[in-house]
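The values are calculated or read from the model by the stated rules, or taken from the named source; none is laboratory data. Note that the structure is predicted; figures quoted are calculated from it, not measured. Counting neighbours? That spans all protein chains shown, and the Cβs are built from the backbone with ideal geometry, glycine included.
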């Protein structure tokens, strides 16, 4: 009946006596505020991925921004990261507060330093540092220390915390009231806070190679891309510190060997607890700008269990490790992300409390260490030896890194800069495109995407020739660079950027006649950069690319008609030109329809009908408002994109018209996205009239 002494009396009768003592004592809620955050009730309207918002927002002071960092979850993760979202908080969230059903809760804790965790992460709690410049969501609750000097992360990120919260929570979603009841050791605040700081620093360094993280740095990422062992070295230090923290925390809870075994049976053994292998047991040197291991950790490593193996046994270990390394890390498909909404954090299958649910691994090294049951330090040295001396390769990782590097290059060619670059006032490179349009098809009058990429390869890969890099690309990716750029790049970009791409590939569609012959070769294809999207961009595609190309083909066609020759080559070329001219003419007409009618929907007139014709109907706050209803309708249904509306809304008209090389949105969401735009603009005009907003969001 010991569970009756635990607050709320959970039926955790299977626990060992020490855990009953802990659960009836000091809790996380005694030293920190564990609070649920903002639920917008309309994420497609108020939440964007970090790469969607207007670039200048990243360089502005927080109080001047419309879009601020938003911690929204995204699965299990410890220490740092998952910085993928922004939320509309202009005028202290006036737009959100003006709509029905949002829950703007615990606002006093917004923009506070502390921790956040994902509530649905298979019953595993992982705290991630928030630096005081963000808002947290209802499924990424915050843990705000009551005393900022308290050490919390290294306790809650250890396995015993997940074990304890599972004991009192029958389900695996970790709501804040249950997390607040996680038992703490009496001397918890005496545990070194340097562990928190160092683990955060190491994890932060690992996020700079993720193109979708707010902290991604192209320059620093290339340094790691060029030396994959550096990333593994950082992983090694992180998991070593995590193992050390686990030991300190278990000691602080005063758990005996059987208590610890109960925790590990359910949550798994930390990678940093596995034995070291003699001869492969020295801590590798970290980059100079990362924290040194403390004397405590060095002392612990010196006394750590080391196992000696005969040469034959070592050979078997290395053989198994090579097999695992070549197979690559566990696959998490990037394309599994759903449409942006409140359910994006993930649908977790229900797992009953008490089941064996290992804490998820976060790095390839940790995964290898868990499978081999060998300390990460020894795994690191085995990998270093195998890679440098025996030519070990993980082709799936090499492929991912190489495709990432070329993705970065393509986005830079379009003029994209990541938040870190904007904050550091790094200029857009001179070699980037000026208008945000890069033709993929040859013959448009400008260098094609392939030509531009080849020009940059010389600078991006100075140790190898263009030919060598292209051969390496084909070896790893399985196809030449040219078809990857003209097709696979966009598919991967859609997936990697979670169905909100910032490089859009549009192309003309071959007409029915000659379809088979033209299927792989549209008359015109190009990439356009989302952040250069404005009312003139579609006009530019027509006037500067499509029409000149059509004129060129018409001229060549007329020239061939004047030839007396009826050779097969001439006939074939005339047939091809005739098809391309018709295809481009059709494409041009479709672009014109988008310009005039892109945001028209069946519900359009119903949505904005009856609005007064006042100053709030101005398109941008500068132009005069429409003087009559027809002019107002024509203005609102025309394709005047607003970056603040996000990729979803602005790409929908192009997908509806069939101009995208691949669909980005689900079929059912296309029309809804266009309808949303009309609704949002109508709402903002109404709120301005009512005094809830000083001006519409799309005004300069």
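Overview of results
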{"read-out": "Some residue of region 633-644 being under 27 Å from residue 488 (Cα atoms) and in a helix (DSSP H, G or I)", "value": "yes"}
{"read-out": "Failed criterion for residue 258 (all others in (1) surrounded by 11 or more Cβ atoms within 10 Å (Cβ to Cβ); (2) in a helix (DSSP H, G or I) hold)", "value": "(1)"}
{"read-out": "Among (1) surrounded by fewer than 21 Cβ atoms within 10 Å (Cβ to Cβ); (2) touching a residue at least 60 places away in the same chain (Cβ under 8 Å); (3) more than 25 Å from residue 537 (Cα to Cα), the one test that residue 412 misses", "value": "(3)"}
{"read-out": "Qualifying residue in region 448-468 (condition: in a loop (DSSP other than H, G, I, E, B), in contact with a helix residue (DSSP H, G or I) (Cβ under 6 Å, 6 or more places away or on another chain) and within 20 Å of residue 217 (Cα to Cα))", "value": "yes"}
{"read-out": "Unique residue being in the same structural domain as residue 233 (by TED's automatic domain parsing), touching a helix residue (DSSP H, G or I) at 6+ places or on another chain (Cβ under 8 Å), outside any strand (DSSP E or B) and on the phi < 0 side of the Ramachandran plot when the list is 266, 313", "value": "266"}
{"read-out": "Hits in region 90-125 (condition: farther than 27 Å from residue 147 by Cα, in a loop (DSSP other than H, G, I, E, B) and in contact with a strand residue (DSSP E or B) (Cβ under 6 Å, 6 or more places away or on another chain))", "value": "none"}
{"read-out": "Check on residue 282, under 35 Å from the mean Cα position of the chain (by Cα) and over 20 Å from residue 195 (Cβ atoms)", "value": "yes"}
{"read-out": "Filtered residues of region 105-145 (kept if in contact with a helix residue (DSSP H, G or I) (Cβ under 6 Å, 6 or more places away or on another chain) and surrounded by fewer than 19 Cβ atoms within 10 Å (Cβ to Cβ))", "value": "133"}
{"read-out": "Hits in region 291-307 (condition: assigned to a loop (DSSP other than H, G, I, E, B), farther than 22 Å from residue 367 by Cβ and touching a residue at least 40 places away in the same chain (Cβ under 8 Å))", "value": "291, 293, 294"}
{"read-out": "Residue match in region 308-317 (condition: surrounded by 11 or more Cβ atoms within 10 Å (Cβ to Cβ), in contact with a strand residue (DSSP E or B) (Cβ under 9 Å, 6 or more places away or on another chain) and either farther than 27 Å from residue 227 by Cβ or without any contact (Cβ under 8 Å) to a residue 40 or more places away in the chain (or both))", "value": "yes"}
{"read-out": "The listed residue being modelled with pLDDT under 95 and on the phi > 0 side of the Ramachandran plot, out of 56, 64, 30, 92", "value": "92"}
{"read-out": "Region 168-180, subset touching a helix residue (DSSP H, G or I) at 6+ places or on another chain (Cβ under 7 Å) and either in a loop (DSSP other than H, G, I, E, B) or over 23 Å from residue 129 (Cβ atoms) (or both), residue modelled with the highest pLDDT", "value": "180"}
{"read-out": "Search result, residues across region 662-673 that are under 21 Å from residue 529 (Cβ atoms) and surrounded by fewer than 21 Cβ atoms within 10 Å (Cβ to Cβ)", "value": "662, 663"}
{"read-out": "Considering residues of region 269-297 that are loosely packed, with under 12 Cβ neighbours inside 10 Å and out of contact with any helix residue (DSSP H, G or I) (no Cβ under 8 Å at 6 or more places or on another chain) only, the residue nearest to residue 163 (Cα to Cα)", "value": "295"}
{"read-out": "Selection from region 520-570 of residues that are in contact with a strand residue (DSSP E or B) (Cβ under 7 Å, 6 or more places away or on another chain) and assigned to a helix (DSSP H, G or I)", "value": "530, 537, 540, 541, 545"}
{"read-out": "Those residues of region 648-662 which are in contact (Cβ under 8 Å) with a residue 60 or more places away in the chain and closer than 29 Å to residue 585 by Cβ, in sequence order", "value": "650, 651, 654, 657, 658, 659, 660, 661, 662"}
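Quick grid of which residues meet (1) at pLDDT 85 or above; (2) assigned to a helix (DSSP H, G or I); (3) touching a strand residue (DSSP E or B) at 6+ places or on another chain (Cβ under 8 Å):
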{"position": "4", "(1), (2), (3)": "no, yes, no"}
{"position": "9", "(1), (2), (3)": "no, no, no"}
{"position": "15", "(1), (2), (3)": "no, no, no"}
{"position": "20", "(1), (2), (3)": "no, yes, no"}
{"position": "25", "(1), (2), (3)": "no, no, yes"}
{"position": "52", "(1), (2), (3)": "yes, no, yes"}
{"position": "69", "(1), (2), (3)": "yes, no, yes"}
